[in-house]
Structures are given as C-alpha cells and as structure tokens.
1. Please calculate how many Å² of accessible area the stretch 232-305 carries per residue, with a 1.4 Å probe and no DNA, RNA or ligand atoms counted.
2. Anything over 20 Å Cα to Cα? Flag those among Lys127/Lys263; Lys159/Lys273; Lys56/Lys141; Lys137/Lys171; Lys36/Lys122; Lys141/Lys274, in the order listed.
3. Extension gain Lys34-His85, at 0.36 nm per residue separation less the Cα-Cα distance, in nm?
4. Two-decimal Rg/Rh of the stretch 28-119 from alpha-carbon positions, Kirkwood Rh?
5. Whole number please: convex hull volume per residue of the Cα set in the stretch 231-305, in Å³?
6. Tell me the trypsin sites (Lys or Arg not before Pro) within the stretch 27-56 that lie in a loop according to DSSP and have at most 12 other beta-carbon atoms within 10 Å.
7. For the full complex of protein chains and a 1.4 angstrom probe, list Trp151, Trp73, Trp228 by accessible area with the highest value first.
8. Work through the residues other than Thr66 whose Cβ is under 10 Å from its Cβ and net out their charges, Lys, Arg +1 and Asp, Glu -1.
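The values are calculated or read from the model by the stated rules, or taken from the named source; none is laboratory data. As the structure is a computational prediction, the values presented were derived from the model and not from experiment. All Cβ positions, glycine included, derive from the backbone under ideal geometry; neighbour counts span all protein chains shown. Accessible surface areas use protein heavy atoms only, side chains included; no ligands, DNA or RNA. Shrake-Rupley method; radii C 1.70, N 1.55, O 1.52, S 1.80 Å.
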Amino acid sequence: MKSKSLILSAMLIAMPSALMAQQNIQKAFDALLKQKQVIKVVAHHDMEKDPETGVKKGQADVYDFTLPAGNPWRQLVLDIEDAIHKDSENAYSVSSSENNKGVNYVTLVVGDGSSGSVAIGKIPGSKYMYACFLDKKDPTKQYRYAYAVEWAEGQDGIKGRIATTYGTTQKYREQSENWKKRIKSSTITINRNPLTKDQMFEMMSNNNYGFTVKLDSVVYAANNSSQWLSHFSTFSSLYSKCLSEHNPTSANIFANNIYNLCKKADVLDADEKKIVISEIARLRDATADEYTKNLLVLSIKKLQQ
C-alpha cells in the first residue's frame with residue numbers, strides 16, 4: 001500500500017499544473033466528448049509557439065456540439081457547470097450569464113489578442129459560464145487558461161460549445177508596451193486608402209471643417225481585439241482633438257464612427273469592453289452637444305449588451 005501511495009504521489013506531481021488546478025473541469029469536458037454514439041462535434045484547434053524557444057504563447061480548443069434533448073444528456077452539461085464551481089476556488093475570475101436575445105456574449109482572448117478570440121454565448125437563448133486560471137508554470141503570471149461552456153436546449157436537442165483558451169491576462173495586456181503601441185499606432189481606411197489620425201484631421205481642416213465621412217465607406221471590421229482597439233483609439237483621439245478646438249460639427253462625425261464601431265465589438269472580451277466604456281464615458285462627460293452625447297451613450301449601451 002505504501003509503495004502504491006508513493007507511485008500515485010509521483011504521478012500527481014508529474015501532472016501538468018494547469019490540469020491539477022482545473023481537473024474537475026477537464027474531466028467534465030472529457031465525459032461529454034466521450035459520448036461518441038450520440039454527440040455531433042465540430043472541433044477547432046489553434047496553437048501558437050515562440051519560434052525560437054518553442055514555448056506556448058497561445059492556444060484554443062473549441063468544440064461545438066449537439067446532443068439529444070433531456071437527461072441524461074442535459075446532465076453532462078450541468079456537470080461541466082458544477083465542475084467550474086468546484087474548481088473556482090483556484091480561479092481569479094468566474095462569470096456566468098444568459099443570452100435571451102442572441103447578442104449578450106463574451107470573447108476569450110487567445111495569445112496576446114493578435115491571434116483572435118473565442119466567442120462564448122452567441123447561441124440565442126443560451127446559458128454560459130467561464131473561469132480564468134493563472135498558468136502555474138508561468139513564473140511571470142502573464143498567462144492564463146480560460147475554460148468555458150455554453151448551451152441551449154430546444155426541440156432539436158442541446159446545442160452548445162465548450163472551449164479552452166490560453167493567452168495573456170487582461171492585466172498584463174494593459175501593462176504591455178507592445179499592446180499600448182499597437183493601440184496608439186493605428187490607421188483608418190477610407191475607400192481603401194489608409195489615413196493616419198493627423199492626415200484625417202488635416203483633410204477636415206483644409207475643407208474648413210466641411211469634410212464628411214461616409215459611414216458605410218469606413219472599414220469597421222476587425223479580425224481581433226488589437227485592430228478594433230486601434231480603430232477606436234484613432235476615433236477617440238480625433239474626437240478629443242475636435243473638442244479641444246471647439247469643433248462640435250466634426251466631433252459629431254467621429255461620435256458616429258465610434259457608435260458604428262461599438263455595434264461591431266464582437267472581438268472584445270469583457271475586460272476590454274470595460275476599458276472602452278470608461279474612455280467613452282470620459283468623452284461623454286466632456287461633450288456639451290446633446291445629440292453627440294446621446295450617440296456616446298448609445299455606444300456604451302451597445303458594449304454592455
């Protein structure tokens with residue numbers, strides 16, 4: 001018995017720290033995916049490593065599944081929620097919500113954000129939950145694992161998603177100089193012509209502030225949060241410049257751009273949205289024009305949905 005105990009202890013020590021911290025979640029994930037006779041799964045996997053050191057920098061394992069309705073299949077999903085609760089003692093962030101309108105969802109960053117993100121909660125009528133854990137093998141505390149589940153039950157069965165992502169923490173991204181540089185060094189494309197913030201403002205000035213941006217000609221699409229935040233930083237800076245030069249007409253143009261950008265904020269995670277909301281609230285409080293202020297209020301509401 002003693003020798004068996006020693007062997008078991010050695011095995012546990014050898015197990016990856018991430019699995020030790022989230023072992024209940026991983027077991028619940030595996031239990032669902034083992035139902036091969038009834039489950040339909042579409043899997044998506046991404047891995048990013050440092051080319052010189054081979055150290056993992058980003059990872060995403062996503063499974064979109066369909067199960068028959070009712071028990072015992074429903075219990076498999078409920079077991080995952082229960083597992084997240086059990087492992088939550090070691091998590092630094094846990095969140096759950098419901099999506100009754102198909103618009104209230106979150107995104108979990110992969111890598112440093114430039115590698116994209118995974119959406120959780122986009123299935124209309126779904127319930128979702130996720131938890132974030134620091135990577136215990138990372139002494140810098142820059143990286144975390146995020147585990148998530150969402151599901152909705154209807155006449156066609158149970159549709160859902162389970163996902164694991166590996167990436168930097170929001171706290172690290174906010175402090176990272178590279179991340180700050182990506183946000184600040186942004187350009188906006190109008191009619192396929194890239195314009196810097198100074199070029200755009202100069203165009204407005206040369207046209208005696210009569211320059212009009214056609215909203216449907218501005219590229220709002222962003223493949224990741226870094227691109228989105230870069231666009232927002234540009235519009236925010238231009239808006240602030242308009243306010244400092246007492247130009248409410250041009251400020252309104254960029255308030256419109258901010259509003260349209262916020263309508264397509266799918267790539268942002270919850271923490272990134274909080275940062276953007278804080279900046280828009282600052283712009284709102286500095287705005288006197290009621291119409292423009294209302295656009296900024298609507299922008300915040302879009303981010304909160």
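1. Result: 44 Å² per residue.
2. Beyond 20 Å: Lys127/Lys263; Lys159/Lys273; Lys36/Lys122; Lys141/Lys274.
3. Between Lys34 and His85, full extension yields 16.2 nm more.
4. Over the Cα atoms of the stretch 28-119, Rg/Rh equals 1.01.
5. 70
6. Of the trypsin sites (Lys or Arg not before Pro), the ones in loops of the stretch 27-56 whose Cβ has at most 12 other Cβ atoms within 10 Å are Lys34, Lys36.
7. So the residues, ranked largest to smallest area, are Trp73, Trp151, Trp228.
8. For residues surrounding Thr66, the net value is 0.
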